[in-house]
Amino acid sequence: MPGPIMRFRSGSVSATVWENQRKDGGTYASVKLSRSYRDKQTQDWKDTSNFSVNDLPVVAILARKAFE
């Protein structure tokens, strides 16, 4: 599977742009918005698609960059 074509990050929030293939041979882009956090029990880094209210301005900025 090919990797992301672009990634924008600010602090723990990121927007990753992926290129996808259509059945007709064309392509389209999709965006995954995520926030990284460290699990308190295992100390492993994990991702979530849940954001706090304070994360939303950063989410908006990164979504705009991904759109451009």
I need every pair where a residue in the stretch 41-66 that is more than 11 Å from residue 10 (Cα to Cα) has its Cβ under 7 Å from the Cβ of a residue that is modelled with pLDDT of 95 or more and open to solvent by 100 Å² or more (accessible area, probe 1.4 Å), sequence separation at least 6 or different chains.
45/38
Which of the residues spanning the stretch 1-57 are open to solvent by less than 70 Å² (accessible area, probe 1.4 Å) and of a type in the set (Lys, Arg)?
35
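The values are calculated or read from the model by the stated rules, or taken from the named source; none is laboratory data. This structure is a prediction, so every number in the text was calculated from the model and none was measured. No Cβ is skipped: glycine too gets one built from the backbone with ideal geometry, and neighbour counts run over all protein chains shown. Keep in mind that these areas ignore ligands, DNA and RNA; they rest on the heavy atoms of the full protein, side chains included. Shrake-Rupley method; radii C 1.70, N 1.55, O 1.52, S 1.80 Å.
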